[in-house]
């Protein structure tokens with residue numbers, strides 16, 4: 001019998017997929033094996049985003065985190081468009097933490113807000129254009145000709161008249177010594193050869209062959225693995241603990257207290273997990289031990305009984321116009337977990353002279369500052385190695401999982417990887433905000449909406465991250481989208497206000513943030529107004545949006561592609577919704593059936609999006625599809641409930657995901673647009689809950705005002 005050895009998860013899947021249920025996952029693809037090549041010299045940097053080696057290979061430094069949204073393809077496409085290169089020569093590398101890679105939307109290096117492409121759309125093209133001009137100048141100097149006689153083409157500079165050619169790899173050293181030109185003209189969009197094409201993703205082969213390194217894959221020599229015991233009540237802390245039983249587990253090296261709880265450190269995950277289970281710990285549960293979903297609902301109701309911070313006020317919404325048909329409604333949305341495919345994890349190594357952090361992080365600046373504060377070193381001594389992210393959705397902006405690894409490594413004086421279980425992930429999240437909305441609206445005799453009041457109570461995530469954005473008691477992000485839609489619909493008498501309400505439950509940024517609840521609330525309520533006006537819900541919106549052409553464009557396209565106005569199949573009803581978020585406009589039509597037992601089935605979703613100039617249509621389509629299924633899962637099933645300060649849900653048995661057999665057909669249609677760039681990672685989420693709930697109303701006459709939908713009974 002051979003000695004036991006460590007088996008990678010990919011080896012395990014390959015072996016068990018054949019021996020188990022017959023699902024074949026491990027296979028080989030002819031032509032995917034790397035082809036041996038002659039060694040090239042070290043790549044030469046032309047700027048912070050571009051390196052070229054003597055063999056003409058091109059490395060694009062990607063300064064945003066790849067969490068499935070396609071930035072490792074879209075961002076290189078922007079640079080490649082102006083650089084004039086062979087796409088097959090491009091490789092990618094994640095950027096280190098450095099101020100040069102600051103995201104201007106945040107003032108930090110980070111990924112979120114559906115900002116990656118729209119922020120980089122011009123700067124990365126300028127970077128590619130400047131590098132191209134440096135290479136042309138280097139060739140012209142070599143040939144002793146005027147640079148106007150040269151042009152770049154497919155990774156080389158060509159002397160137009162003599163057809164002489166020098167490859168970029170031959171020119172890069174000379175080009176790197178030249179000054180970087182400023183104000184280089186960019187190509188006209190009519191000349192684009194890369195932007196706007198369905199370019200294959202650069203990260204797909206790496207994920208297929210298993211070479212893509214996610215945070216949970218990281219291995220460092222001498223590394224130990226830690227699992228952390230955290231107080232089940234938010235805000236609680238360790239009162240006392242006895243580590244004897246935990247230390248008796250074979251493979252457990254030590255048990256150390258850190259700021260978030262107690263870290264059990266072992267040779268691997270399983271002994272660390274067993275050690276935590278054996279740990280004898282008593283918790284000081286603190287002030288939140290009596291908090292429940294019921295107490296939070298009561299708190300919200302008390303808050304909306306009083307005026308909040310004003311976000312929008314127009315006309316005379318103090319009293320409803322005479323003769324208007326009025327509707328009053330209360331809408332509620334729950335806390336939601338991010339439930340990323342890859343649970344939280346981080347590897348850190350704290351040394352006297354510096355800190356290394358390997359993490360699937362959305363916020364490199366935050367990781368660097370966390371490492372510096374805990375490690376006691378200057379930020380420049382903290383190296384952040386960004387891995388691929390198995391989903392982000394805003395969760396990996398947070399620093400809790402990074403701090404745990406850094407603190408534990410500092411205590412152990414060796415590299416330590418902290419791994420969270422799925423239960424850890426769901427029960428110790430920074431949740432999507434729960435909300436309560438009190439609305440009143442009215443339509444006049446002609447069926448036009450003439451009155452709207454909307455008051456919301458909700459916790460604020462912005463006040464923790466960007467306190468400067470909260471002014472006069474108003475977190476504008478909480479009402480974002482709701483205000484824009486009230487303006488787009490041109491409601492003449494409208495008032496929107498908001499009461500920031502701390503519940504004791506930690507909240508953070510969740511895919512589409514406020515759009516995830518405001519899209520549901522306001523587009524469901526406008527649907528109520530449409531029915532009160534006795535108008536078709538699409539026509540009602542269409543007529544109101546005459547002065548908002550981008551809203552109107554996506555609304556019309558979605559309705560047309562869905563066949564709005566024609567009878568749906570038997571047993572199917574349609575609902576429609578439109579929303580703007582992250583500078584993109586999205587409309588969705590959902591086709592839904594409701595079974596006799598109340599089970600809701602979404603059969604088809606037709607999505608229209610206007611996100612400005614499109615870099616890669618395939619990525620836009622996949623992001624809309626992903627955002628729709630993310631929002632649909634939440635609408636149908638998503639709910640985090642609180643009892644005695646604790647999260648009730650623990651895994652996917654109690655925090656349900658949409659299953660493959662429940663997935664609707666999703667059609668995505670892109671509006672050709674030369675308007676300002678918008679995001680695509682999140683804007684597909686806000687309209688879906690309203691579109692589905694509006695379809696449920698069309699089918700049953702029942703209005704869904706509280707999520708999740710569950711069964712319609």
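Coordinate-derived values only; no laboratory data. The structure presented is a predicted model; accordingly, all values stated were derived computationally and were not measured. Methodologically, a virtual Cβ is constructed for each residue, glycine included, from the backbone with ideal geometry; neighbour enumeration extends over all protein chains shown.
General remarks:
- Computed from the Cβ-Cβ distance with R0 of 45 Å, the FRET efficiency linking residue 651 to residue 151 stands at 0.15.
- The residue 546 and residue 189 beta-carbon pair, evaluated with R₀ = 25 Å, returns a calculated FRET efficiency of approximately 0.30.
- In terms of its alpha-carbon gyration tensor, the range 447-520 comes out prolate; a/c meets the 1.5 threshold, and the first ratio a/b outweighs b/c.
- Enclosed volume per residue, in Å³, of the convex hull spanned by Cα atoms of the range 670-713: 113 Å³
- Inter-centroid distance (Cα atoms) of the range 248-290 relative to the range 640-662, Å: 24 Å
- Across the range 597-713, the mean sequence separation of Cα contacts (distance under 8 Å, 6 or more residues apart), normalised by length, yields a relative contact order of 47 percent.
- Spin-label model distance (nm) - residue 313 vs residue 208, 7 Å beyond Cα toward Cβ: 6.0 nm
- The range 44-208: Rg to Rh, with Rh as the Kirkwood radius over Cα pairs: 0.97
- For the range 552-598, the percent of C-alpha pairs falling in each 5 Å distance bin, counted from 0 to the bin holding the largest distance, reads 5, 20, 26, 18, 13, 10, 6, 2, 0.
- Centre separation in Å (Cα based) which lies between the range 148-194 and the range 424-482: 50 Å
- Among 560, 639, the ranking by other beta carbons within 10 Å of each residue's beta carbon, starting with the fewest, stands as 560, 639.
- A protection proxy built from the mean count of other Cβ atoms within 10 Å ranks the segments 78-87, 188-197, most packed first, as 78-87, 188-197.
- Linear extension gain, residue 182 paired with residue 267, 0.36 nm per residue minus alpha-carbon span: 25.2 nm
- Only helices enter the 222 nm calculation for the chain: every DSSP H run of n ≥ 4 contributes -39,500 (n - 2.57), and dividing by all residues gives -8500 deg cm²/dmol, rounded to 500.
- Net lengthening on full extension, residue 237/residue 86 (0.36 nm per residue, minus Cα-Cα): 48.7 nm
- Tensor-based shape of the range 378-423 (alpha-carbon gyration tensor, a/c under 1.5 rounded, otherwise prolate or oblate): oblate
- Relative contact order of the chain: 13 percent, from C-alpha pairs under 8 Å at least 6 residues apart in sequence.
- In the range 495-651, Cα pairs under 8 Å separated by at least six residues give a relative contact order of 15 percent.
- Model label zone, residue 665; criterion: amide N under 19 Å from point 7 Å along Cα-to-beta-carbon; scope the range 580-601: 588-594, 601
- Whole-angstrom gap from the range 55-117 to the range 361-401, using each part's C-alpha centre: 18 Å
- Segments 410-417, 583-590 sorted - mean Cβ within 10 Å per residue, highest first: 583-590, 410-417
- Cβ-derived FRET efficiency at R0 41 Å, residue 676 paired with residue 141, nearest 0.05: 0.55
- Pairwise Cα inverse-distance average, inverted: Kirkwood Rh of the range 179-276 (Å): 18.3 Å
- Per-residue Cβ neighbour rank within 10 angstrom, fewest leading, 121, 579, 401: 121, 401, 579
- Summary of packing: across the peptides 216-224, 179-187, 421-429, 434-442, the per-residue average of other C-beta atoms within 10 Å ranks them, highest first, as 434-442, 421-429, 216-224, 179-187.
- Cα gyration tensor shape of the chain, rounded if a/c is under 1.5, else prolate or oblate by comparing a/b with b/c: oblate
- Translational D in µm²/s for the range 260-419 (Stokes-Einstein at 25 °C, 0.890 mPa s, Kirkwood Rh from C-alpha pairs): 124 µm²/s
- Placing a label point 7 Å from the Cα of residue 595 along the Cα-to-Cβ direction, the residues of the range 681-708 with a backbone N closer than 20 Å are 692-693, 695-702, 708.
- Across the range 686-710, the residues whose backbone nitrogen lies under 17 Å from the label position 7 Å along the beta-carbon direction of residue 332 are 703-710.
- Averaging 1/r over every pair of different alpha carbons in the range 575-656 and inverting the result gives a Kirkwood radius of 15.3 Å.
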